[in-house]
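Reading through the C-alpha coordinates given below for one structure.
The values are calculated or read from the model by the stated rules, or taken from the named source; none is laboratory data. Note that the structure is a prediction, hence the values are computed from the model and not measured. All Cβ positions, glycine included, derive from the backbone under ideal geometry; neighbour counts span all protein chains shown. Ligands, DNA and RNA are excluded from the accessible area calculation, which covers all protein heavy atoms including side chains. Shrake-Rupley method; radii C 1.70, N 1.55, O 1.52, S 1.80 Å.
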Amino acid sequence: LAAMAEVPERLRRVVRERLGDRHFREGRIQLTLPDRADTGMSVPVSVGVPDSPMSPDDFVRSLHVFAPSNRQPLVADYFFGPRSGRAMVSQRMRLAQTQHVFAFGIMSDDSAWMTAHYIYVTLGACAAEIFLPDARRARERT
(Lines give C-alpha, C1' and ligand atoms only; values in the text may rest on other atoms or scores of the structure.)
Protein backbone atom coordinates (compact mmCIF):
# COMPACT_ATOMS: atom_id res chain seq x y z
CA LEU A 1 0.00 0.00 0.00
CA ALA A 2 1.12 3.52 -0.68
CA ALA A 3 0.57 6.22 1.90
CA MET A 4 -0.84 9.53 0.66
CA ALA A 5 2.61 11.03 1.31
CA GLU A 6 3.95 8.68 -1.39
CA VAL A 7 1.36 9.69 -3.99
CA PRO A 8 3.12 11.61 -6.79
CA GLU A 9 2.56 15.37 -6.61
CA ARG A 10 0.96 15.44 -10.06
CA LEU A 11 -1.63 12.91 -8.91
CA ARG A 12 -2.17 14.73 -5.61
CA ARG A 13 -3.16 17.84 -7.57
CA VAL A 14 -5.58 15.87 -9.78
CA VAL A 15 -7.11 14.13 -6.75
CA ARG A 16 -7.47 17.45 -4.89
CA GLU A 17 -9.21 19.02 -7.91
CA ARG A 18 -11.50 16.02 -8.41
CA LEU A 19 -12.24 14.89 -4.84
CA GLY A 20 -11.46 17.93 -2.73
CA ASP A 21 -8.80 18.47 -0.10
CA ARG A 22 -9.39 15.37 2.02
CA HIS A 23 -7.30 13.24 4.31
CA PHE A 24 -7.24 9.75 2.75
CA ARG A 25 -6.62 6.81 5.04
CA GLU A 26 -5.26 3.51 3.78
CA GLY A 27 -7.50 0.48 3.71
CA ARG A 28 -11.09 -0.53 3.09
CA ILE A 29 -10.77 -0.37 -0.68
CA GLN A 30 -9.90 -3.53 -2.55
CA LEU A 31 -7.96 -2.97 -5.78
CA THR A 32 -7.27 -6.12 -7.79
CA LEU A 33 -5.04 -6.26 -10.84
CA PRO A 34 -2.16 -8.48 -11.91
CA ASP A 35 1.36 -7.88 -10.63
CA ARG A 36 2.63 -8.06 -14.20
CA ALA A 37 1.13 -7.32 -17.61
CA ASP A 38 2.79 -8.37 -20.86
CA THR A 39 1.13 -5.44 -22.55
CA GLY A 40 -0.55 -2.35 -21.16
CA MET A 41 -3.17 -2.37 -23.92
CA SER A 42 -5.88 -4.11 -21.88
CA VAL A 43 -5.21 -4.79 -18.20
CA PRO A 44 -8.03 -6.23 -16.05
CA VAL A 45 -8.78 -4.31 -12.87
CA SER A 46 -11.50 -4.48 -10.26
CA VAL A 47 -12.14 -2.06 -7.44
CA GLY A 48 -14.60 -2.24 -4.60
CA VAL A 49 -15.36 -2.02 -0.91
CA PRO A 50 -16.37 -5.56 0.07
CA ASP A 51 -17.14 -4.72 3.70
CA SER A 52 -19.70 -2.00 2.92
CA PRO A 53 -23.26 -3.00 3.85
CA MET A 54 -24.61 -0.60 1.17
CA SER A 55 -27.45 0.37 3.50
CA PRO A 56 -29.13 3.81 3.60
CA ASP A 57 -26.95 4.70 6.60
CA ASP A 58 -23.66 3.21 5.40
CA PHE A 59 -22.72 3.01 1.73
CA VAL A 60 -19.95 3.80 -0.73
CA ARG A 61 -20.58 7.11 -2.43
CA SER A 62 -17.83 6.91 -5.07
CA LEU A 63 -14.70 5.08 -6.22
CA HIS A 64 -11.99 6.58 -8.42
CA VAL A 65 -9.13 4.81 -10.21
CA PHE A 66 -5.97 6.64 -11.29
CA ALA A 67 -2.85 5.62 -13.21
CA PRO A 68 -0.51 8.60 -12.65
CA SER A 69 2.07 7.62 -15.29
CA ASN A 70 -0.56 7.64 -18.04
CA ARG A 71 -0.93 10.78 -20.11
CA GLN A 72 -4.43 11.17 -18.62
CA PRO A 73 -4.17 9.86 -15.04
CA LEU A 74 -7.92 9.42 -14.41
CA VAL A 75 -8.95 5.91 -15.43
CA ALA A 76 -12.53 5.91 -14.11
CA ASP A 77 -15.04 7.42 -11.68
CA TYR A 78 -17.84 5.26 -10.26
CA PHE A 79 -20.78 6.55 -8.26
CA PHE A 80 -22.99 4.44 -5.99
CA GLY A 81 -26.01 4.73 -3.76
CA PRO A 82 -27.54 2.52 -1.09
CA ARG A 83 -29.53 0.65 -3.76
CA SER A 84 -26.45 -0.25 -5.78
CA GLY A 85 -26.27 -3.64 -4.10
CA ARG A 86 -22.50 -3.99 -4.06
CA ALA A 87 -19.76 -1.44 -4.42
CA MET A 88 -17.68 -3.49 -6.86
CA VAL A 89 -16.72 -2.77 -10.48
CA SER A 90 -14.54 -4.63 -12.98
CA GLN A 91 -13.12 -3.24 -16.20
CA ARG A 92 -10.04 -3.20 -18.41
CA MET A 93 -7.68 -0.25 -18.59
CA ARG A 94 -4.70 0.90 -20.59
CA LEU A 95 -1.38 1.47 -18.86
CA ALA A 96 1.41 3.48 -20.42
CA GLN A 97 4.16 1.93 -18.30
CA THR A 98 5.11 0.21 -15.06
CA GLN A 99 3.56 2.17 -12.19
CA HIS A 100 1.44 2.27 -9.07
CA VAL A 101 -2.30 2.28 -9.80
CA PHE A 102 -4.31 4.11 -7.13
CA ALA A 103 -7.91 3.77 -6.02
CA PHE A 104 -9.67 6.36 -3.86
CA GLY A 105 -13.09 6.06 -2.27
CA ILE A 106 -15.53 8.37 -0.53
CA MET A 107 -18.07 6.85 1.88
CA SER A 108 -21.49 8.12 2.90
CA ASP A 109 -20.09 9.31 6.25
CA ASP A 110 -17.64 11.46 4.21
CA SER A 111 -14.64 9.34 5.22
CA ALA A 112 -12.01 9.01 2.50
CA TRP A 113 -9.98 5.87 1.80
CA MET A 114 -7.27 4.81 -0.62
CA THR A 115 -5.10 1.94 -1.73
CA ALA A 116 -2.52 1.28 -4.42
CA HIS A 117 -1.12 -1.63 -6.39
CA TYR A 118 2.21 -1.75 -8.23
CA ILE A 119 2.10 -3.36 -11.66
CA TYR A 120 5.03 -4.15 -13.92
CA VAL A 121 4.14 -3.50 -17.58
CA THR A 122 6.43 -5.16 -20.12
CA LEU A 123 5.18 -3.22 -23.15
CA GLY A 124 3.20 -0.04 -22.47
CA ALA A 125 -0.03 0.89 -24.24
CA CYS A 126 1.64 3.97 -25.68
CA ALA A 127 4.45 2.02 -27.29
CA ALA A 128 3.82 3.15 -30.88
CA GLU A 129 7.18 4.93 -30.86
CA ILE A 130 8.91 1.57 -30.48
CA PHE A 131 7.28 0.27 -33.64
CA LEU A 132 7.14 3.56 -35.54
CA PRO A 133 10.41 5.38 -34.81
CA ASP A 134 9.53 8.12 -37.30
CA ALA A 135 6.29 8.98 -35.43
CA ARG A 136 8.10 11.14 -32.86
CA ARG A 137 10.01 13.06 -35.55
CA ALA A 138 6.81 13.60 -37.51
CA ARG A 139 5.06 15.02 -34.42
CA GLU A 140 8.01 17.28 -33.66
CA ARG A 141 7.85 18.79 -37.17
CA THR A 142 4.19 19.80 -36.80
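Regarding region 27-46, can at least one residue be identified that is open to solvent by less than 60 Å² (accessible area, probe 1.4 Å), part of a loop (DSSP other than H, G, I, E, B) and either basic (Lys, Arg) or under 22 Å from PRO82 (Cα atoms) (or both)? Checked against the condition, which is being open to solvent by less than 60 Å² (accessible area, probe 1.4 Å), part of a loop (DSSP other than H, G, I, E, B) and either basic (Lys, Arg) or under 22 Å from PRO82 (Cα atoms) (or both), region 27-46 yields at least one hit.
In region 133-142, the condition of being at pLDDT below 90, more than 27 Å from VAL49 (Cβ to Cβ), in contact with a Lys or Arg (Cβ under 7 Å, 6 or more places away or on another chain) and among the acidic types (Asp, Glu) is met by no residue. Residue under question is PRO53, and the condition is that it be surrounded by fewer than 18 Cβ atoms within 10 Å (Cβ to Cβ), in contact (Cβ under 8 Å) with a residue 24 or more places away in the chain and not in a strand (DSSP E or B); does it hold? Taking the combined requirement at face value, the residue does not satisfy it.
Kindly establish whether ASP21 is in a strand (DSSP E or B) and open to solvent by 80 Å² or more (accessible area, probe 1.4 Å). Against the criterion (in a strand (DSSP E or B) and open to solvent by 80 Å² or more (accessible area, probe 1.4 Å)), ASP21 does not qualify. Do the conditions hold for VAL101, that is, is it closer than 12 Å to VAL45 by Cα, in contact (Cβ under 8 Å) with a residue 24 or more places away in the chain, open to solvent by less than 40 Å² (accessible area, probe 1.4 Å) and in a strand (DSSP E or B)? Against the criterion (closer than 12 Å to VAL45 by Cα, in contact (Cβ under 8 Å) with a residue 24 or more places away in the chain, open to solvent by less than 40 Å² (accessible area, probe 1.4 Å) and in a strand (DSSP E or B)), VAL101 qualifies. The residues in region 57-93 that are farther than 25 Å from SER42 by Cβ, assigned to a strand (DSSP E or B) and open to solvent by less than 50 Å² (accessible area, probe 1.4 Å) can be counted, and the count is 1.
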